[in-house]
Each structure stands twice: as C-alpha cells, then as structure tokens.
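Worksheet: the structure to be examined is printed underneath.
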Amino acid sequence: MTSTTITMNSEYHDNFQSAQAVAGKKLDRAVQKSLFDRLNWVRNLHKYCVSDHQPVIFRSSEGEAEAWMYLMKTGIGKYEGLANWYNFTFRPVFTGDFDEVTKLALLAAIAKEARGSAHKITLSPMPEEDQSTSLTQRAFEQAGWIAFRSKADDNHVLAVKGRTFDSYWAERPGQLRNTVRRKAKKNLVSTRIENQFTEEHWKDYLHVYANSWKPEEGSPEFLKTLAKQESDAGCLRLGLAYIEGQPVAAQLWTVENGEALIHKLAHLEDATKSSPGTLLTAAMFQHVIDVDHVDLVDFGTGNDPYKRDWMDTVRTRYRLEMYWPNNPMAWFPILKQYLSGLVRRRTSH
C-alpha cells in the first residue's frame, strides 16, 4: 500500500490576470457568496479607487483547499488589505468549507510567505462572527508574527428572523413610525425601486448625491460599475424618491443570498421637511423583507445614530496590525504598540 503526502504550497501574485488564471472560477460569484470576497470586487476597487498601490495577492493551497488574501503595497515592507470605505468587511477568502485546522494551516502558510517581503500587514475592517479575525491572528502568531487587535468600526445589522415588514415596523421607535405616517399622508413624495440599471435612473441617483449633504463621492465610476454588474446578476435595488417629478432621495442597495446590503443613501437638504430619505428607507425595507424575503439587512460600517432606529444588532469590525519581529524596521512600531497598550490599561483602571 502506498501513501500520498499532500504538501502545502504558497505563492503571491502582483497582478489580477495571473491571480485569475490560477483561481479560475473559485473566486467568482458562483463560489464566493459574499460580494467583498470576490476577485472582481477587488479588481474594480483597485482600478477605480487605489490604482496607485500595487496589488499583492497571496494564495496557499493543500490538496483541494485554498486560501487567498488580497493585499496592496502601501510603503516599503508595508501591506494593507485591499479594501477601503466601500468594504463592509475584509477577510481571508477560502475556496471551500474546510475545518478550522485546515484554515489555520493555509493562513499560516500565507503568513510565512509574507515574511520575505513585508514587516507590517494591516487588515481592516475584519469580522469576527465567522472567526475571521481570530483565525487570522492565530495563524500569523503561529508563523512568528506579533499581532495587535483593535476596534476599527461598528456594523449595524437587522436579523429579520422570519418577520413580515408589518411586524418589524411595529417594533420600530414611535417617533420614526409617526414621521413616516404623517409624511406619507401628505402624498408629496413618490418612491420607486428599480432592479435594472438604466442611465436615466443613474443620472437621478448622481443628481441627488451631488446636491446632498454628503461629501464628494470617492469614485462614482466604481459605484456605477458595481450597479451595472449587480443589475446584470439580478441583485440591484436602486431606490429613488421624487417630489413633483424631481429626484430628492436615492439609495443604492444590493440583495443576494438572503442578505440586503445598504451601500449608499442620500437626500436633498432642502427637501428634508418632507422626509423623502426616511420614506424611501421604509419602502426599501418593506421591499427586501416582504418581496425579497431576506434574512439579514446590513447597514455597513459607521456608527451614525439614525441606524439604531432601523437595526437591532451592532457587530464590531476589527483592525489587525501584524509585525514581523525579525525585521529591524518593525522593532520601533512594536514597542509603540506595547507602550500604548500599557497606557490604555492604566487609564482604564
């Protein structure tokens, strides 16, 4: 009888073409259920938002199991997760549902591979409900890195738990329900929810955003590409509100695999007295709960007070800062981290 030894392989790619050639369809929509885990997401994010940073895409494999980590170079020996404010999450990506031991081994292989070119790796915003943060930290520490975890942001979500919109709405704060009831009775605001991308509707979205209180959009082209892509996949939910035919509020959502993601929302300041943004949000929630039958609504990152009116759970998003201690360039930053941790502990007592 002969035995087969499965060996661990690790590598990295500095361009998306070679990564795609190796990955095939394993990092596409059909396999990766989260929008933010897909190679197409990071490719477009890099193209439109962070093209001045070289991508560094790590891969490790053992038999059928694979792990990928999308990074970018931000300085000499410094990598960060290839993500920005458009990301709800950033985490290592696996090509199957493997056990924890396998995942740890795959991530440790990436950590060892990264030691040859980096002395600092920063990952954010990382989730923990799937153990991504803990697994990554443990794997890098097993490979000899020194890791520091801190809070990066808050993530507000609603677990629908089989409720109808009416039962969900009955549990919202009275002030919110009264606002929607009073403003809806006036019939000033009309709302529509589009599943298909059109240039006309996108023009209305851009008009609202450009004339709202929001800062200038980081990359309108990235969002337009996202909207078109998700429209083609049947996942786009573009909400628009009008007063006398003029767009006054707009929201960009996507719905997929039982989850609704709220990417962008804005309204015109001079229309605030009619509450078009609130009325549109209520219409969007009703649609995704009663029509799309989602299990979760995700408001992304940010701790805006109004999110508490609509959501019922807050999840922490973490930052991992990891240093390779055998590189002298990491020594002073490691010391600073330890000292700042001592100060925080002393001031908290």
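Reported to the nearest whole Å, the Cα centre-to-centre distance from segment 161-228 to segment 79-104 is 30. Kindly express, to the nearest 10 degrees and within the range 0 to 90, the angle between helix 220-232's C-alpha long axis and the longest C-alpha principal axis of the chain. Around 80 degrees separate the two axes. Which of Ala65, Ala241, Ala249 moves most in a GNM of the chain, Cα contacts under 10 Å? Judging by the Gaussian network model, the answer is Ala65.
Of the chymotrypsin sites (Phe, Trp or Tyr not before Pro) in segment 246-349, the ones in a loop by DSSP (not H, G, I, E or B) with at most 15 other beta carbons within 10 Å are Tyr306.
Taking amide H as placed 1.01 Å from N in the peptide plane, Gly300 has its amide H under 5 Å from the amide H of His156, Ile262, each at least 5 places away in sequence or on another chain. Find, to one decimal place in angstroms, the Kirkwood hydrodynamic radius of segment 14-99, where the mean of 1/r is taken over every pair of different Cα atoms and then inverted. With all distinct Cα pairs of segment 14-99 included, I get 13.2 Å.
Highest mobility in the GNM of the chain, judged by mean-square fluctuation with C-alpha springs under 10 Å and restricted to Asp292, Asp166, Asp37, is found for Asp166. Free of any trypsin sites (Lys or Arg not before Pro) that DSSP assigns to a loop and that have at most 12 other C-beta atoms within 10 Å, the longest stretch within the chain is 187-349. Within the assembled protein chains, the solvent-accessible surface assigned to Glu129 is about 100 Å², based on a 1.4 Å probe.
3J(HN,Hα) along segment 108-122, derived from phi through the Karplus expression 6.51 cos²θ - 1.76 cosθ + 1.60 where θ = phi - 60°, amounts to 5, 5, 5, 4, 5, 4, 6, 4, x, 10, 10, 10, 9, 10, 10 Hz, with x in place of Gly and Pro.
Each label point was placed 7 Å from the Cα along the Cα-to-Cβ direction; for Val291 and Ile76 their separation is 5.6 nm.
Checking every one of the GluC sites (Glu not before Pro) in segment 177-268 against DSSP loop status and a limit of 10 other Cβ atoms within 10 Å picks out Glu216, Glu244. Among Val22, Val248, Val93, the largest mean-square fluctuation in a Gaussian network model of the chain (Cα springs under 10 Å) belongs to Val22. Rounded to the nearest 10 degrees, the inclination of helix 132-142 to the longest alpha-carbon principal axis of the chain is 10 degrees. Full extension of the segment from Trp85 to Asp232, taken as 0.36 nm per residue of separation minus the current Cα-Cα distance, would add 50.5 nm.
The order of Ile193, Ile289 by accessible area, most exposed first and with a 1.4 Å probe, is Ile193, Ile289. In loop segments of segment 34-99 as defined by DSSP, the GluC sites (Glu not before Pro) with at most 15 further C-beta atoms inside 10 Å of their C-beta are Glu64.
Assuming charge only on the beta carbon of Lys and Arg (+1) and of Asp and Glu (-1), the dipole of segment 137-204 about its Cα centre is about 580 debye to the nearest 20.
Here the extension length gained between Met8 and Thr313 equals 105.9 nm, from 0.36 nm per residue of separation less the Cα-Cα distance.
In this simple spin-label approximation, Gln17 and Gln246 carry label points 7 Å from Cα along the Cα→Cβ vector, and these lie 4.9 nm apart.
Fully extending the segment from Gln175 to Asn327 would add 49.1 nm, taking 0.36 nm per residue of separation and subtracting the current Cα-Cα distance. Structural descriptor for the chain: relative contact order 20 percent, calculated from alpha carbon pairs under 8 angstrom and at least 6 residues apart. Segment 126-150 and segment 264-290 have their alpha-carbon centroids 38 Å apart. Candidates Leu82, Thr254, Val22 compared by Cα position along the dipole of the chain: farthest toward the positive end lies Leu82, with charges placed on Cβ. Placing R0 at 30 angstrom, the Cβ-Cβ distance between Asp97 and Lys161 gives a FRET efficiency of 0.80 after rounding to 0.05.
In this structure the amide hydrogen of Phe90, modeled in the peptide plane, comes within under 5 Å of the amide hydrogens of Met126, none closer than 5 places in sequence on its chain. Computed 3J(HN,Hα) for segment 155-164, one whole-Hz value per residue from the Karplus formula 6.51 cos²θ - 1.76 cosθ + 1.60 where θ = phi - 60°, is 10, 8, 9, 10, 8, 5, 6, x, 5, 7, glycine and proline marked x. Using R0 = 25 Å, the C-beta based FRET efficiency linking Glu128 and Val31 works out to 0.60. With contacts taken as Cα pairs under 8 Å and at least 6 residues apart, segment 1-95 reaches a relative contact order of 29 percent.
In this structure, the amide hydrogen of Glu66, modeled 1.01 Å from its nitrogen in the peptide plane, lies closer than 5 angstrom to those of Thr95, Gly96, counting only residues at least 5 positions away or on a different chain. Relative to the dominant Cα principal axis of the chain, helix 276-286 is inclined by about 70°.
The HN-Hα couplings worked out from phi for segment 17-27 by the Karplus form 6.51 cos²θ - 1.76 cosθ + 1.60 (θ = phi - 60°) are 4, 5, 5, 5, 4, 6, 6, x, 9, 5, 10 Hz, whole numbers, x standing for Gly and Pro.
The values are calculated or read from the model by the stated rules, or taken from the named source; none is laboratory data. Nothing here was measured: the structure is a model prediction, and the numbers come from that model. Cβ sites come from the backbone with ideal geometry, for glycine too, and all protein chains shown count toward neighbours. To get the accessible areas, we keep the full protein, side chains included, count just its heavy atoms, and leave off ligands, DNA and RNA. Shrake-Rupley method; radii C 1.70, N 1.55, O 1.52, S 1.80 Å.
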